[in-house]
Structure formats: C-alpha cells, structure tokens
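First the structure, in the form of structure tokens, and then the observations on it.
Only the coordinates and a few stated rules stand behind these numbers; no lab work does. Predicted model only: the values in this text are computed from it and were never measured. Glycine gets a Cβ as well: all are built from the backbone with ideal geometry, and neighbour counts include every protein chain shown.
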Amino acid sequence: MKKAAMAGILFAATVANAAMCKMPTCKEPAQEKSQFCERHTCHTAGCNAGVKIGGLPTWTLGQMKRFAGNEGTLPTKLVWYHCPKHACGRFAPRLNNDRAYALFRNKDSEEALKLLACDKERLYKGKFCLEHSCAMSKCPGSVLEEWSETARDNASEPTMGDLTTHDFCQRHLSLKGNNKFEREGATKETCSEYYERKQAEKQKAAEAKKQQP
C-alpha cells in the first residue's frame with residue numbers, strides 16, 4: 001500500500017511539474033523534444049517549432065462589424081498547423097464586396113484558416129503547398145486566384161464557389177501547349193517528404209556500412 005501511495009504521489013508530482021505548452025492561453029502539456037503541445041507543435045516531420053499564428057488578412061477587418069450578429073464567430077487570429085518556416089504562404093485574394101462577411105458565416109477557426117489562408121505545408125523548394133504553387137516546374141510563384149464578377153457585386157453574397165484557382169501563376173498562364181513543364185519528382189516534394197527521404201537514405205547507408213567486411 002505504501003509503495004502504491006508513493007507511486008501515486010510521484011506520478012502526481014511529475015504531472016504537476018511537466019512542462020506546459022508555451023503558446024499563450026494554452027494549458028496542454030508540451031510534447032517531448034518540444035516546447036509546445038501536440039496541436040501547437042509544427043506538423044512537419046522532424047520539426048518541433050511552434051506553429052505560425054497571425055492576424056486576419058487586412059481586407060477582412062472591415063467586415064468584422066458587419067459579421068457581428070451572424071451565426072458563428074470569426075476568430076481574431078489564424079492558427080496554422082505548421083511553423084512560419086514550413087506553412088504554406090498562401091492568402092486568399094482580396095475581395096471588395098460589402099457583403100463578404102457571408103464567406104465567414106458559421107465558420108470555425110479551422111474552416112477560416114482554409115478559407116483565408118491554407119492549412120497545408122509548403123513544398124521543400126518553395127513558399128507554397130503543392131495546391132497553391134504554380135504548376136510550372138521550379139517556379140517559386142503561387143497560382144493565380146480570382147474572384148468572379150458576381151462575387152465583387154455588392155448586390156450578391158459571395159461564396160467560395162466564386163473563387164477560381166488556376167494551375168499556374170499569372171505569368172505562366174500565358175504560355176501555350178508544350179511550353180509548360182509541369183512539376184514532377186523532387187519539385188513536388190513537401191518539407192516532410194524531403195525529411196523522410198533523407199532519413200531513409202541515411203538509414204540505408206548506415207545499414208550498408210554495417211554489412212561491409
């Protein structure tokens with residue numbers, strides 16, 4: 001009984017002294033090798049940095065008062081799933097429509113992130129995820145995104161269906177036919193995929209060295 005009681009005390013003390021997530025207002029315990037909890041640690045393989053946190057795009061700020069009273073609460077900040085180094089750098093293009101608040105109706109924080117920015121990680125050789133990177137091989141730019149004329153009309157409530165996402169950046173959209181060389185192989189590799197490939201190569205090399213006479 002004494003051993004069990006002592007074990008319980010030690011466990012309680014360990015929990016009490018466990019490092020807590022350093023993200024403001026978060027009360028979850030930090031992960032091993034990280035100063036942040038599971039949610040607030042970068043989801044990129046091999047990275048233990050804190051996730052990116054930032055304000056809403058400036059064009060949405062004028063919509064906040066109009067949004068008040070609608071169902072749902074638009075968050076005041078966006079919380080990514082990756083750190084600033086690994087998060088996709090995409091932001092939704094500016095929309096000039098006094099009724100743009102309709103886009104935010106009933107959206108939680110995760111939905112707002114996908115709508116206004118992106119929840120994916122960037123390519124290893126790029127600033128954007130595969131979806132938001134120009135499909136032209138080795139191009140560092142983002143795809144062209146455009147709001148329809150209907151979405152820009154103050155008489156209508158825009159939806160995400162009014163946003164067109166092209167495969168290429170504005171410059172490369174002008175190229176015709178076989179002049180487009182789409183991404184393949186390493187040019188489509190995410191930061192996690194690059195890290196995991198390098199780790200596998202190191203392990204394979206180590207195993208081969210052990211087998212040498």
Next on the checklist: If the reach is capped at under 13 angstrom between alpha carbons, list the aspartates and glutamates near residue 209, excluding any in the same chain fewer than eight residues apart.
Outcome noted: 201
Item to check | Calculated FRET value between residue 167 and residue 193, using beta carbons and R₀ = 25 Å, to 0.05 | outcome: 0.75
Checklist entry - How far apart, in nm, are two points set 7 Å out from the Cα along the Cα-to-Cβ line at residue 160 and at residue 125? => result 3.1 nm
Checklist outcome for this item: the stretch 89-108 and the stretch 117-196 have their Cα centres apart by a whole-number Å value of 18 Å
Next on the checklist: At 0.36 nm per residue, and after removing the present C-alpha to C-alpha distance, how many nm does the segment from residue 31 to residue 174 gain when stretched out fully?
Outcome noted: 46.7 nm
Item to check | Pairs beyond 25 Å (Cα-Cα), from 85/138; 33/85; 22/77; 27/188; 33/198 | outcome: 27/188
